[in-house]
Structure formats: C-alpha cells, structure tokens
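Participant: This is the structure I have questions about; it appears just below.
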Amino acid sequence: MPRPRYEKIAFKSRAACIAAVETFNRVSVPYREEAFVILMMNAWELLLKAKIIKSSQKGIRDVFVFEWKTNEETGRKRNTQKTARSGAPMTIGIEKCLNLVRSMPDGLDSACAMNIETLMEVRDNATHFVNDDVMLKKVITEIVLASVKNYVIAAQRWFGMSFSDLNISTIPLSFDLDQRVAEAVARRSSEDSIKFIEYVNRNERELGPTEGIFAYTVEVRFDLMRKSCEEAVKSNSVKEAPSLTVKYEPNVLPNGMDIEYKSLLSRLKNYYSNFKPTPEFHARMVELKKDDRLAVEIFNDPLRKKNGKFFYNANIIRRFEDMFTRR
C-alpha cells in the first residue's frame with residue numbers, strides 16, 4: 001500500500017531539517033546562519049502543510065490556492081486552481097499554514113509561532129545584518145536551537161518521526177564568543193543588528209514565562225573548563241533510550257532556580273500592573289514553595305537544615321494570573 005501524500009511531504013520536510021542542522025554545525029561554511037534559516041523555513045512549511053493535509057477532510061486541496069475566474073463566453077464565475085509561472089499548482093505560504101495549524105487542538109502555541117515568525121524576519125532581512133556581529137550571532141543561535149527543538153517535538157507529535165540521527169549537540173559558536181566578547185562589548189553593533197535584537201527582546205517580554213512544550217528561544221551559555229574537575233559529570237549520547245531521569249543534590253542550586261525573593265517581587269511588578277504582596281499572595285506562595293519545579297530551598301547548614309533560603313524558577317510568575325492583571 002502506497003504511503004499517504006502527507007507522509008511523503010513530512011519526510012521531505014525532515015530531510016530539509018537535517019540539511020539545515022548539518023549546515024549550521026559546519027563552522028567553516030560561509031553564510032551558514034542564513035542558509036540554515038532558508039532550509040529550516042522550508043522544513044517548517046512542508047511539515048505544516050503535511051499536518052494540514054492529514055487533519056483536513058478535503059486533503060491536499062486545503063493547501064492549494066484557488067481564485068475566481070470569469071468565463072469570457074458564458075460570463076459565469078468559477079473557482080479554479082491558481083497556477084505558478086511554470087503551470088504547477090500554487091500552494092499557500094508559510095504564514096497561512098501557520099495560522100491554520102495554530103487553530104488546531106494539537107497545533108502550535110504562541111512561543112513556537114513567534115519563533116517561526118522570527119525566523120521569517122531573519123530570512124527577510126538577512127542582507128542587512130552584519131555577519132561578524134558577535135551579539136547578533138548569539139541571539140540568532142538561541143532562536144535557531146529553539147526552532148530545531150520545536151520542530152523535533154512537532155514532528156514526533158504529529159507523525160511519530162524518529163530523530164536519532166539528528167545531531168544538535170554541536171554549537172560551533174562557543175570559542176568565537178569566548179575570544180571576541182571584549183571586542184563585542186567595545187564595538188557598537190550595526191543599526192540593523194540592534195533593531196533585530198530589540199525585536200527579539202520585545203517578543204520575549206510580550207510572551208512572558210511559558211509552560212508549554214515549545215520555546216521561543218533557548219538560553220546559550222558557555223563555560224570554559226581548563227582542567228579536570230571531580231564534580232564534572234560524564235555523559236554519553238545514545239540513539240534510543242526509554243527514559244532519562246535527571247537528579248540534583250539536595251543542597252545544590254539547580255539550573256533555572258536562580259531568582260531570589262526580592263528579584264521575584266520586582267519581576268512580578270513588571271509583569272502585573274496591579275501587583276501587591278497581599279495576604280492572598282503570601283498564602284499562594286506558601287503552596288507554590290512546595291512545588292519543586294518552581295522553588296527550591298538552600299540551607300547554609302545542610303546537615304541541620306537551618307538558615308534556609310528559597311530560590312525560584314521564572315515559571316512561578318504566571319501562577320498569579322488569576323490574582324493580578326497582566327500589563
């Protein structure tokens with residue numbers, strides 16, 4: 001039995017994604033960020049079209065473009081399929097695909113949609129960016145990694161695809177940033193680069209903390225270790241694993257739990273227009289502190305568990321949306 005057309009389109013999309021990642025992971029390739037965006041946009045467009053075809057009762061007709069034409073002899077109007085210059089059927093663009101999939105129950109959330117829109121912004125303005133701008137590279141890399149993460153999640157969720165052969169662990173940026181960070185701070189970025197970075201920061205503020213499975217950006221950090229360390233953890237890459245459990249030591253601050261109480265209050269004031277530390281707020285905080293995904297207590301005296309101090313995850317900010325009004 002032949003494979004459904006949407007499945008063929010989905011696997012063609014997967015090939016475009018792998019080509020994008022392999023291009024980005026090759027340090028010596030000129031124009032690699034721009035090449036990645038072009039290939040990744042193609043991967044997303046094909047994946048979204050495959051999802052629309054699979055979910056639609058009309059099948060592939062939902063991705064074709066139709067237009068009304070008048071018959072010169074009869075004067076009657078007929079809804080006909082629009083064709084490209086080559087005569088091939090014209091299909092809808094990625095923006096229309098994105099809007100259709102976002103409306104589906106198992107579609108994409110705002111973070112993923114905003115990430116794709118930012119990729120479109122990079123594609124449309126690639127000729128204006130200064131490629132050797134280090135801070136711009138870092139921002140684009142954070143968007144790039146989030147787009148691959150989102151794509152893998154969506155493809156596995158919709159079509160059960162395997163990505164055991166996709167290597168997204170290589171980030172050929174770290175040494176470039178380490179060696180040129182002083183130069184990046186001292187030298188002013190181009191006006192177009194500054195505008196784009198401001199655009200990304202504005203989107204992050206508008207989106208706020210998210211709890212969904214998709215991401216707008218991922219944080220990129222680099223730590224240069226010059227000697228072996230007893231505390232270092234050896235890791236192995238495996239193609240297929242049933243599950244992965246990550247544990248942390250009881251009195252060690254885990255990643256993502258870096259917000260102190262005063263800083264949390266400041267963020268809440270920026271996030272909510274009418275925030276006040278009311279008794280109801282404090283009562284809610286007592287309950288949220290019990291959730292180890294949102295808060296962790298670190299003790300100065302771990303053995304006796306004395307002089308504890310709480311640190312919080314950014315996702316705790318959204319747990320007060322029923323209590324206060326967002327800006």
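What follows is calculated from the coordinates using simple rules that are stated; it is not laboratory data. For clarity, every value in this text was computed on a predicted model and none was experimentally measured. Here the Cβ is made from the backbone with ideal geometry for all residues, glycine too, and neighbour counts use every protein chain on show.
Participant: How do THR23, THR74, THR141 line up, fewest other C-beta atoms within 10 Å first?
Facilitator: Ascending Cβ contact count within 10 Å gives the list THR74, THR23, THR141.
Participant: Turning to a different aspect of this structure: So, in nm, how far is label ASP62 from label GLN81 when the simple model puts each one 7 Å beyond its Cα toward the Cβ?
Facilitator: 1.8 nm
Participant: Starting from the Cα of ASN71, step 7 Å along the direction of its Cβ; do the same at ALA314; then give the gap between the two resulting points in nm.
Facilitator: So the label points at ASN71 and ALA314 sit 6.0 nm apart.
Participant: Follow-up. Let me have the relative contact order for segment 261-320, percent, based on Cα pairs under 8 Å that are six or more residues apart.
Facilitator: So the answer I get is 31 percent.
Participant: Let me ask something else. How big is the Kirkwood radius of segment 2-150, worked out from every pair of different alpha carbons and given in Å to one decimal?
Facilitator: Evaluated over segment 2-150, this radius sits at 17.2 Å.
Participant: List the equivalent ellipsoid semi-axes of segment 261-320 in whole Å, largest first, each obtained as the square root of 5λ for an eigenvalue λ of the Cα gyration tensor.
Facilitator: Semi-axes (√(5λ), whole Å): 23, 11, 11.
Participant: Among ASP322, ASP291, rank each residue by its count of other Cβ atoms within 10 Å, from fewest to most, as a rough exposure measure.
Facilitator: With the sparsest Cβ surroundings first, the list reads ASP322, ASP291.
Participant: Mind sorting PHE64, PHE275 by how few other Cβ atoms lie within 10 Å of their own Cβ, fewest first?
Facilitator: In order of increasing Cβ crowding within 10 Å: PHE64, PHE275.
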